[in-house]
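The values are calculated or read from the model by the stated rules, or taken from the named source; none is laboratory data. Treat the numbers as computed from the prediction; the structure is a model and nothing was measured. As a convention, Cβ positions derive from the backbone with ideal geometry for all residues, glycine included, and neighbour counts pool all protein chains shown. SASA here: full protein model, heavy atoms, side chains in, ligands and nucleic acids out. Shrake-Rupley method; radii C 1.70, N 1.55, O 1.52, S 1.80 Å.
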Amino acid sequence: DVTGVANFNDTTSSTSTTTGSVVIDGGVGVAENLNVGGDLRVTGDTVIDGNLNVEGALTYISTSTVQADDSMFKLAANNVADTVDTGIYGMYVDGATNKYAGYFRDASDGIFKFYEDTETEPSTTVDTTATGYALAQVDAIIDGGTY
């Protein structure tokens, strides 16, 4: 158990009690659980072999490409009643105004809607009365079904 500072490199190990940080230069293996009580920053590539559970109110991913092996995304996984809209949206800037466009299943009527130009960022619902909200044009070939 290390209290204070532990500095590790390939040839030496030293400890002191001046701060509460650990600096590792080289490799290290952790055979048991590793609990971090504060912020954790990892620079360089990170490989996690096993499940990754992220808990909190916000998960931000800053990347240029997102890849998933799974062919289906599950939205509203903790929805216990039909009270939240489910869908996908994106932000764009028109002049100096942030606007949002996307599609969703409206929990109030069960209808899927494509929309654009809303100035209110969606949360658990899409505000269809928000400034600028409009149904978006969808170009598609629809084959079959009844209307």
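Being acidic (Asp, Glu) and under 30 Å from Val138 (Cβ atoms) narrows it down to one of Glu116, Glu55, so name that one.
Values: Glu55 fails: under 30 Å from Val138 (Cβ atoms).
After ruling out the rest, the residue left standing is Glu116.
Out of Ala107, Ala130, report the one residue that is over 17 Å from Leu75 (Cα atoms) and small (Gly, Ala, Ser). Break it down stepwise before answering.
Values: Ala107 fails: over 17 Å from Leu75 (Cα atoms).
Just one listed residue meets the conditions, Ala130.
Would you be able to tell me the number of residues in segment 1-53 that are aliphatic (A, V, I, L, M), assigned to a loop (DSSP other than H, G, I, E, B) and either touching a strand residue (DSSP E or B) at 6+ places or on another chain (Cβ under 9 Å) or at pLDDT below 55 (or both)?
Filtering segment 1-53 for residues aliphatic (A, V, I, L, M) gives 2, 5-6, 22-24, 28, 30-31, 34, 36, 40, 42, 47-48, 52.
Narrowing further to those that are assigned to a loop (DSSP other than H, G, I, E, B): 2, 28, 30-31, 34, 36, 40, 42, 47-48, 52.
Filter once more, keeping what is either touching a strand residue (DSSP E or B) at 6+ places or on another chain (Cβ under 9 Å) or at pLDDT below 55 (or both): 2, 28.
Final tally of qualifying residues: 2.
Checking Phe73 against (1) surrounded by 10 or more Cβ atoms within 10 Å (Cβ to Cβ); (2) in contact with a strand residue (DSSP E or B) (Cβ under 9 Å, 6 or more places away or on another chain); (3) not hydroxyl-bearing (Ser, Thr, Tyr), only one condition comes out false. Which one?
All conditions pass for Phe73, except number (1).
Looking at Gln67, Gln137 in this structure, which one is farther than 30 Å from Gly44 by Cβ and open to solvent by 100 Å² or more (accessible area, probe 1.4 Å)?
Numbers: Gln67 fails: farther than 30 Å from Gly44 by Cβ.
Only one candidate qualifies: Gln137.
Could you please find all residues in segment 83-97 being open to solvent by 70 Å² or more (accessible area, probe 1.4 Å) and touching a strand residue (DSSP E or B) at 6+ places or on another chain (Cβ under 6 Å)?
Answer for segment 83-97, where residues must be open to solvent by 70 Å² or more (accessible area, probe 1.4 Å) and touching a strand residue (DSSP E or B) at 6+ places or on another chain (Cβ under 6 Å): Ile88, Tyr89, Met91, Tyr92.
Looking at Ala136, Ala130, Ala140 in this structure, which one is touching a residue at least 24 places away in the same chain (Cβ under 8 Å) and more than 23 Å from the chain's Cα centre (by Cα)?
On the way: Ala130 fails: touching a residue at least 24 places away in the same chain (Cβ under 8 Å); Ala140 fails: touching a residue at least 24 places away in the same chain (Cβ under 8 Å).
Exactly one residue qualifies, and that residue is Ala136.
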